[in-house]
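Q: Got a structure for you, questions after.
Since every read-out is calculated from the coordinates, none of them should be taken as a lab result. Small disclaimer: the values here were computed from a predicted structure and weren't measured. Quick reminder, even Gly has a Cβ in these numbers, built from the backbone with ideal geometry, and neighbours come from all protein chains shown.
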Amino acid sequence: MRILGLDPGSHVCGYGVIEVIDAKLTYVECGVLTAPADRAMEERLGEIARGLTEVLRDLAPAAVAVEDVFVHPNVRSALALAQARGMALAVLGLAGVRVASYAPALVKKTVTGSGRADKDQVARMVQGLIGLRALPRPDASDALALAITHAHAARPSTARIVPAIQRRVS
C-alpha cells in the first residue's frame, strides 16, 4: 500500500510517501510544496493546491495521513493552519483518496515512543525507520512520520514499529 503523509501549511506544505510491502516500510519520495510569503492567502493556498494535485497524480497514493488540528497559542497562526488543512482536505476529497487524521502526540509516540518528542527526534527516527541517508526537511519529515503512523495503524497485526510497545497475545 502506498501512503502519502501530508503536513499542510499556508506557506510550506510537507509531503512524504512510503510503501508498505509485507509489513516493510519503503521510502518513495518526500519534499515540500511552497508559496511565496508575500502573496495573498488565497494565492498561496491555490499554489499549494496545484502542487498537491500534481503529487497525487504522480505518486498515486492509496491513502493519505494528515495531522489533526491542534491548539496553537497564536490565533492567527491557528486559523492559517486550519485554512491550509481545509484546502488540502478539499483537494484530497476531489481526488477521491481515503484520508486519516492523527493527533501530533500520537504521531510522535508511534515514531519515537514518546508523545512529547521534539522535531529533531522525530526526524532522526524517521530517517532510521525508512533508511534515509540524510535528514529530510522538517515539514517533509513530519509528513513521513504521518505516513509511518498510518502504516502502523492500518496493520495492527504486524510487528510494532516502536519496540517499547508490546502487543498482548491472548
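Q: If you check ALA23 against the conditions, is it more than 13 Å from the chain's Cα centre (by Cα), loosely packed, with under 13 Cβ neighbours inside 10 Å and at positive phi? Even if it seems obvious, please write down each step before you answer.
A: Numbers: more than 13 Å from the chain's Cα centre (by Cα): yes; loosely packed, with under 13 Cβ neighbours inside 10 Å: yes; at positive phi: yes.
So ALA23 fits the description; yes.
Q: Could you count how many residues in segment 76-108 are surrounded by 15 or more Cβ atoms within 10 Å (Cβ to Cβ), within 21 Å of VAL20 (Cα to Cα) and either more than 14 Å from the chain's Cα centre (by Cα) or free of Cβ contacts under 8 Å to residues at least 12 places away in the same chain (or both)?
A: Within segment 76-108, residues that are surrounded by 15 or more Cβ atoms within 10 Å (Cβ to Cβ), within 21 Å of VAL20 (Cα to Cα) and either more than 14 Å from the chain's Cα centre (by Cα) or free of Cβ contacts under 8 Å to residues at least 12 places away in the same chain (or both) number 1.
Q: Filter segment 4-20 down to the residues that are closer than 19 Å to HIS152 by Cβ and over 13 Å from the mean Cα position of the chain (by Cα) and list them by number.
A: GLU19, VAL20
Q: Which condition number does GLN127 fail, the rest of (1) surrounded by 15 or more Cβ atoms within 10 Å (Cβ to Cβ); (2) without any contact (Cβ under 8 Å) to a residue 40 or more places away in the chain; (3) touching a helix residue (DSSP H, G or I) at 6+ places or on another chain (Cβ under 7 Å) being met?
A: In the conditions (1) surrounded by 15 or more Cβ atoms within 10 Å (Cβ to Cβ); (2) without any contact (Cβ under 8 Å) to a residue 40 or more places away in the chain; (3) touching a helix residue (DSSP H, G or I) at 6+ places or on another chain (Cβ under 7 Å), GLN127 misses (3) alone.
Q: Which residue out of ALA78, ALA117 is out of contact with any Gly (no Cβ under 7 Å at 6 or more places or on another chain) and assigned to a helix (DSSP H, G or I)? Break it down into steps so the answer makes sense when it comes.
A: Working: ALA117 fails: assigned to a helix (DSSP H, G or I).
ALA78 is the lone residue from the list that is out of contact with any Gly (no Cβ under 7 Å at 6 or more places or on another chain) and assigned to a helix (DSSP H, G or I).
Q: Here's something else I'd like to know. Going through GLU19, GLU29 one at a time, which residue ends up being assigned to a strand (DSSP E or B), among the charged types (D, E, K, R) and farther than 18 Å from ALA88 by Cβ?
A: Values: GLU29 fails: farther than 18 Å from ALA88 by Cβ.
Just one listed residue meets the conditions, GLU19.
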